[in-house]
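Taking it in order: structure first as structure tokens, then the write-up.
Here, each number is a calculation from the coordinates, and none is a lab measurement. Everything numeric here is computed off the predicted structure, so don't read it as measured data. Every residue, glycine as well, gets a Cβ built from its backbone with ideal geometry; the counts of neighbours run over all protein chains shown.
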Amino acid sequence: MTKLKPLAILLLPLILGGCVQAAEYSQGNAGFSSVSNTAAQATGKNTVWIQNRRDAQAVGAQVSAPLATDKSIDAEMAVQIALLNNKGLQAAYAGLGEAAAQAWQSTLLANPAVGVGLTGMGTPGLAVFKSVEGVIATNILALATRKSKIDLADTGFRRAKLGAALQTLQLAADTRRAWIMAVASRETAAQLAQAQAAADAASELAKKLGETGAMTKSAQAREHVFYAELAGQTAKARLDARLAKEELTRLLGLWGSDIDYQLPNRLAPLPKGLVQRDQIEAEALQRRVDLQMAKLDLEATATSYKLTEATRYVTDLEILTGFETERELEDGKTQTGTTGNIELEFVIPIFDSGKVRMRKSELAYMRAANLLAEKAVNVRSEARSAYQAYRANYDIARHYRNSVVPLRARIEEQSLLTYNGMITNTFELLADSRAKTNSILLAVNAKHDFWLAEANLVPAIYGGGSRITGGETELAAAEGSGGH
Amino acid sequence: MKLQLLVAALPLLASGCAATSPRDVVAADDPSASLAQASPLSYDSPLSGYTHRRPVDPKAWRSQNDAQAPQGDAP
């Protein structure tokens, strides 16, 4: 029994700590299922966390298959490829793993420090030593505040899960926008090339007429400069198309021979009807991932405040348990006796009463509360903006398609009749043709704006939209932009 | 006693010999290393196809007239 006592004293800190299971944090893909579910719900696409070379090869094969065919990549396929192949996203998932490891670490008890000492070395008659001291030091405060620290780490882990989901949604939204921009710029370049062909014909005719003396030099120059300016615009549009494709290539994570993928020449026509989304503000409040992150920030600062309050006065409290075995020489015989001991170590809060730490915690809470309120206001407004842009861009695009372009076509038709009747000249006919081409260009731009606005709806509801605005394309009257 | 010391020092010796590398997560083709797949780029100007024209003075009417005349021997 006497031998058991020191053993019990030694094991006391370990018994205090107990044993903790942290299965949720210790899995290889901890937290990824929730990220994957959020991404699937918002985008309908798969996400993979690549953790070894075999995974990487499997994903590589999955990505290469559609790229190897001659078929052009549609928006859905582009988003899927980006989610599988973008290495930045994989880096974000590694960040999620780090947060899980950190939470796992918080569930583990701090290792007790063990000290063993020999005293009285070389005491005559006792050979090596006189007494042996063993001590185990355990931080009692760490045990007392352990639950709060685990809660805090768990909040951090949940925040990391939302952060990874947000980055996934961000990539999906960016890829969809980049695909729309890449295809739209191809369509614009093709339209401008058509207008340039008409301007080229007019310029050529002006030159011939100049040679005959039927056209003044200034009138010739007007035709030539119009053609030259249009050639400049077309070149810029072609460059934009090339750069937009590279932007998409970066998001898709492609390089080497994979970059020779094909894109469609034009965006899909306007849909016949729109999706009813008048509850978008409520939906956004429920589902915006960044809003949930802001809520978790507030929760974390509240937990942190409580922790600071708990450790305000006592910042360090250690229990030291141990034994001492002493040997004494009595009547020529060595007597050995073992005794246990317990010590407490703590810091006396004379100079630092913890007031500053409390104030800092309070301010962190205030900041988180205000940021949450700001985020909520922004989320509501962004949802309304996205809905407005979606509906209005549809109406504007329909207006150009159904009202402006048919009128321009009618003008050109009549112009052709008067030209055939030798009432008007060739240049008047060409001017009307150019005005029609410009109107078609404006209609194409309006269609681009609609598809961009449509792509911005999902980020407005789930998060991940960096540029939630309406259309970016300038719409102007055909006469103003193209007439001369 | 010496044997016990050796046992105690074994983990230290073992840690010195450890040479585990982290798992590789990039497929065999490494974009940062494959110089072979960075072929020279081809460039075509976006302005290709444009013909520059200047305003011209009237040409001599006779040559213009001849240019418009049908080719071949007159009947």
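Okay, here's what the table says:
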read-out	value
Anchor residue A:245: aspartates and glutamates whose Cα lies under 17 Å away (excluding residues fewer than 8 positions away in-chain)	A:70, A:74, A:76, A:174, A:187, A:258, A:260, B:44
Helix A:32-43 axis, angle to chain A major axis (alpha carbon atoms, nearest 10°)	20 degrees
10 Å Cβ neighbours from other chains, averaged over peptide A:84-91	1
Peptide A:220-227 - average C-beta neighbours from other chains (10 Å radius)	3
Tilt relative to chain A, helix A:53-68 - C-alpha long axis, 0 to 90 degrees, to 10	10 degrees
Amide H contacts of residue A:317 (H built 1.01 Å from N, under 5 Å, at least 5 apart or other chain)	A:140, A:141, A:142
For A:145, A:119, order by how many other beta-carbon atoms lie within 10 Å, fewest first	A:119, A:145
Distant-in-sequence amide H partners of residue A:329 (H built 1.01 Å from N, under 5 Å)	A:335
With Cα atoms, 0 to 90° folded angle of helix A:289-310 axis to chain A main axis	20 degrees
Pairwise label distance in nanometres, residue A:219 with residue A:105, each label 7 Å out on the Cα-Cβ vector	8.2 nm
Ascending count of other beta-carbon atoms within 10 Å, so fewest first, for A:179, B:61, A:104	B:61, A:104, A:179
Within region A:306-359, chymotrypsin sites (Phe, Trp or Tyr not before Pro) in DSSP loop having at most 12 other beta-carbon neighbours inside 10 Å	A:351
Spacing of the two label points (7 Å from each Cα toward its C-beta) at residue A:142 and residue B:30, in nm	3.8 nm
When each of A:147/A:355; A:87/A:375; A:236/A:447; A:130/A:333 is checked by Cα-Cα distance, pairs over 25 Å	A:87/A:375
Averaged over B:51-63, number of beta-carbon atoms from partner chains that fall within 10 Å	6
Footprinting exposure proxy for A:448, A:399 (fewest neighbouring C-beta atoms within 10 Å first)	A:399, A:448
Between region A:315-375 and region A:247-304, the alpha-carbon center distance in angstrom	49 Å
Sum of -39500 (n - 2.57) over DSSP H runs of 4+, divided by residues of chain A (222 nm, nearest 500)	-22500 deg cm²/dmol
Ratio of the Cα radius of gyration of the protein assembly as shown to 2.2 N^0.38 Å, where N counts its residues	1.59
Between region A:101-157 and region B:38-63, the alpha-carbon center distance in angstrom	84 Å
